[in-house]
Structure formats: structure tokens, C-alpha cells
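Participant: Quick one: this structure, given as C-alpha cells, is what I'll be asking you about.
The values are calculated or read from the model by the stated rules, or taken from the named source; none is laboratory data. It should be emphasised that the depicted structure is a prediction, and the values quoted were computed from it without experimental measurement. Positions of Cβ are backbone-derived with ideal geometry, glycine not excepted, and every protein chain shown enters the neighbour counts.
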Amino acid sequence: MNSKILTTHVGSLPRSKELSEIIFSKDKKELFDEKKFESLIKKNVDEVVRRQIDLGIDIISDGEMSKISYATYIKERVSGFSGESERRAPADLDEFPEYKNKIAKSGGTPIYTRPCCTGELKIFNENLLIQDIDNLLNSIATHQHELAFMNAASPGVINVFMPNKFYKDDDEYLNKLSEIMSKEYELITNRGLQLQIDCPDLALARHMNYKHLSEKEFIYRAEKQVEALNNSLKNVSAKNIRMHICWGNYEGPHTYDIALEKIMPVIFKSKCKISSH
């Protein structure tokens, strides 16, 4: 009996230059044409869906066309964020300062705001999520495709990229993020899409935000992050969830990456199917 191995990818795909320019203008609080922006998102989603289908990819996504970043996009949907967080270089680049400076000056990494949590977190714009879902569903219907997923940030990765400066500690912050993000996870899966939880906090964060911790201390933090994630997924079926973990796609030696075997016991405690790259 022949069986097919389904193909997919991690979620983020290139968008048009025109759409990128508006997204970064929006992030800088510059004036932009809202109707043109929405039209460009729809156009880019439809194009990226068509290209994935043409290439033979089975489980496709919207390419995250509307999101400036897989982790910080929620600042446009949830209030309580402001200011700018500290940028932490990975530990492997710290050991090669000349190379680190070269990368920083190359302009290869887009610069966008990464605020901190400075107030009570509240959902204020659920329409952006609904628009994303509608754009993807409408496009896959047009192209007569069924299997699709949508990315969503985990509570842990939000904590890593937009750190807490309001709640009494990171545990309280994670619990609040868990409560907030559960609404997004449930809405995505209730509309018939697979949910991809992005969790670089379980790998990349070891040699970036938590490089000052011992391995044992990091594993403890990772377990807390998975606990918060599972709490946010309590109303979502495991069959509709998959997880993405990574050690960072930057150009570096990756000499401080934590071994997969060290974090797998923590990952297997999550309510997710596992997909890593």
C-alpha cells in the first residue's frame, strides 16, 4: 500500500516589497493607507497560497503576511505594551565580537519595535486575527485546498521578546499571557485551521535571554513556559495543534545551542504535535 508523506513548512514566507514597506511604516507610527494595506494583505495571502499549492505543499499557511514578527505581532492586538526592550545577542556571537558587529551593521536583520509589558494586558483588537483567518480561509476556498495552518506565538516566546516590567514576576506574567493567548488559539482552531504554536523560547532562549542561567535553571524555566502553554490550550484538541521550536536562523556558529535530547522531555509535556527545524 502506498502512503503519502504530507509536506509543510514553518510558516513565515516572503512578502512583496510594497507590503513590507507599509508594515514597517505602521510599526514606526507613520501615516499609511489602511484600505491599501488591507488590500495588499489579501493579495499577498492569495499569491502565497497559490504558490504553495503549485509547489505541491500539502499543509499551507498565509505566510504570516500581516505580521511584522512571529512574536511581537500581538502588540497590535493586546494593550499593555510600551517602550523598547533590551536586545540580547546570542551567546555564540558574544564570543566573536567582530563578527557580531559585522552582522549588526550589515542591515540583514529588519529593525522593528519590541516593547515591554508595562501595564495590564487586555485584548483590544480581535478584528486583526479575524481578518487573518478570513483571508486564509477565503484563499484556500478559492484555490480548492483543504489543509492549512496558522501561526500563533506561545506565552513563553512573548515573554522572551517582550519582557515583563509590570507583573510581580515572570510566572504571573506567563499566566496572564496564557489567559490572553487562549482566545487566539481557540478562535483559530474553531474556524477549522490547524494551530502552529511557535516556541523558540524552548531552544533559542537558552543561549539568548537565559544565557546567564545554568542548564538546570533553564530547564526549570522551560517547564514553566510549557505549563503556561498547556493551560492556554485546555480547550483546544491536541489533534489540531502542532509545535515549532528552533535555535535561531541567524548566521552564527551555534556553539551554545542546547541539545535536543536535553529539552525533549520538557517538550513532550506539551499538548502539541512536534515539528522542529
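Participant: Within the set of pairs 6+ apart or on separate chains, which have a first residue in the range 78-99 that is over 28 Å from LEU128 (Cβ atoms), a second that is small (Gly, Ala, Ser), and C-beta atoms under 7 Å apart?
Facilitator: Pairs found: PRO90/GLY248; PRO90/GLY252; ASP92/GLY252; LEU93/GLY252.
Participant: Within the range 228-250, can you find the residues that are touching a Pro at 6+ places or on another chain (Cβ under 9 Å) and part of a loop (DSSP other than H, G, I, E, B)?
Facilitator: Of all residues in the range 228-250, those touching a Pro at 6+ places or on another chain (Cβ under 9 Å) come to 228-229, 231-232, 244-248, 250.
Matches in the range 228-250: CYS246, TRP247, GLY248, TYR250.
Participant: For the range 221-266, which residues satisfy the criterion of being crowded, with 18+ Cβ neighbours inside 10 Å and among the hydroxyl-bearing types (Ser, Thr, Tyr)?
Facilitator: Matches in the range 221-266: SER232 only.
Participant: Taking the range 267-277 only, how many residues are touching a residue at least 40 places away in the same chain (Cβ under 8 Å) and either more than 26 Å from HIS212 (Cα to Cα) or surrounded by 18 or more Cβ atoms within 10 Å (Cβ to Cβ) (or both)?
Facilitator: Residues meeting the conditions: 5.
Participant: Moving on. Return the residues of the range 33-64 that are surrounded by fewer than 15 Cβ atoms within 10 Å (Cβ to Cβ) and either of a type outside the set (Ser, Thr, Tyr) or modelled with pLDDT under 95 (or both); say none if nothing qualifies. Before you say what the answer is, go through the steps one by one.
Facilitator: We begin by selecting, within the range 33-64, every residue surrounded by fewer than 15 Cβ atoms within 10 Å (Cβ to Cβ); these are 33-36, 38-39, 51, 54-56.
ASP33, GLU34, LYS35, LYS36, GLU38, ARG51, ASP54, LEU55, GLY56 - these are the residues of the range 33-64 that are surrounded by fewer than 15 Cβ atoms within 10 Å (Cβ to Cβ) and either of a type outside the set (Ser, Thr, Tyr) or modelled with pLDDT under 95 (or both).
Participant: Let me ask something else about it. Restricting the search to the range 69-102, which residues are closer than 19 Å to ILE23 by Cα and either surrounded by 18 or more Cβ atoms within 10 Å (Cβ to Cβ) or of a type in the set (D, E, K, R) (or both)?
Facilitator: Answer for the range 69-102, where residues must be closer than 19 Å to ILE23 by Cα and either surrounded by 18 or more Cβ atoms within 10 Å (Cβ to Cβ) or of a type in the set (D, E, K, R) (or both): SER69, TYR70, ALA71, THR72, TYR73, ILE74, LYS75, GLU76, ARG77, VAL78, PHE81, GLU84.
Participant: Taking the condition of being under 22 Å from HIS207 (Cβ atoms) and without any contact (Cβ under 8 Å) to a residue 60 or more places away in the chain, how many residues in the range 228-242 meet it?
Facilitator: First pass over the range 228-242, keeping only residues under 22 Å from HIS207 (Cβ atoms): 228-229.
Checking the rest, the ones that are also without any contact (Cβ under 8 Å) to a residue 60 or more places away in the chain come to none.
Looking only at that region, the number is 0.
Participant: Please determine, by comparing only the residues of the range 20-32 that are in a loop (DSSP other than H, G, I, E, B) and touching a Phe, Trp or Tyr at 6+ places or on another chain (Cβ under 9 Å), which one is surrounded by the fewest Cβ atoms within 10 Å (Cβ to Cβ).
Facilitator: Of the range 20-32, the ones in a loop (DSSP other than H, G, I, E, B) are 28-32.
Remaining after also requiring touching a Phe, Trp or Tyr at 6+ places or on another chain (Cβ under 9 Å): 28, 30.
On the way: LYS28: 11, GLU30: 9.
Step by step, filter the range 20-32, then rank; the result is GLU30.
Participant: What are the residue pairs meeting all of these: first residue in the range 35-63, first residue at positive phi, second residue surrounded by fewer than 16 Cβ atoms within 10 Å (Cβ to Cβ) and not hydrophobic (A, V, I, L, M, F, W, C), Cβ atoms under 8 Å, and 6 or more apart or on different chains?
Facilitator: Going by the 8 Å Cβ cut-off, the qualifying pairs are GLY56/THR7; GLY63/PRO14.
Participant: Right, another one. Filter the range 251-277 down to residues that are of a type outside the set (Ser, Thr, Tyr), outside any loop (DSSP other than H, G, I, E, B) and at pLDDT below 90 and give me whichever is farthest from CYS199 (Cα to Cα). Show your work before the answer.
Facilitator: Here is the first cut: in the range 251-277, the ones of a type outside the set (Ser, Thr, Tyr) are 251-254, 257-269, 271-274, 277.
Narrowing the set further to residues that are outside any loop (DSSP other than H, G, I, E, B) leaves 260-267, 273-274.
Then keep just the ones that are at pLDDT below 90; that gives 273-274.
Details: LYS273: 12, ILE274: 11 Å.
The selected residue is LYS273.
Participant: Here is a list: HIS207, HIS244. Which entry is touching a strand residue (DSSP E or B) at 6+ places or on another chain (Cβ under 9 Å), within 21 Å of THR72 (Cβ to Cβ) and modelled with pLDDT of 95 or more?
Facilitator: Working: HIS207 fails: touching a strand residue (DSSP E or B) at 6+ places or on another chain (Cβ under 9 Å).
Testing whether each residue is touching a strand residue (DSSP E or B) at 6+ places or on another chain (Cβ under 9 Å), within 21 Å of THR72 (Cβ to Cβ) and modelled with pLDDT of 95 or more leaves just HIS244.
Participant: Moving on to the next point. Looking only at the range 172-200, which residues are among the charged types (D, E, K, R) and either farther than 12 Å from LEU229 by Cα or at pLDDT below 95 (or both)?
Facilitator: Initial filter on the range 172-200 (among the charged types (D, E, K, R)): 172, 176, 179, 183-184, 186, 191, 198.
Passing the criteria: GLU172, LYS183, GLU184, GLU186, ARG191.
Participant: Another one. Under the condition of being free of Cβ contacts under 8 Å to residues at least 24 places away in the same chain and within 30 Å of GLY248 (Cβ to Cβ), which residue from the range 1-19 is surrounded by the fewest Cβ atoms within 10 Å (Cβ to Cβ)?
Facilitator: Per the stated criteria, the residue is ILE5.
Participant: Identify all residues within the range 79-111 that are hydrophobic (A, V, I, L, M, F, W, C) and under 12 Å from MET162 (Cα atoms); write none if there are none. I'd like the intermediate steps shown before the answer.
Facilitator: Of the range 79-111, the ones hydrophobic (A, V, I, L, M, F, W, C) are 81, 89, 91, 93, 96, 103-104, 111.
Answer for the range 79-111, where residues must be hydrophobic (A, V, I, L, M, F, W, C) and under 12 Å from MET162 (Cα atoms): just PHE81.
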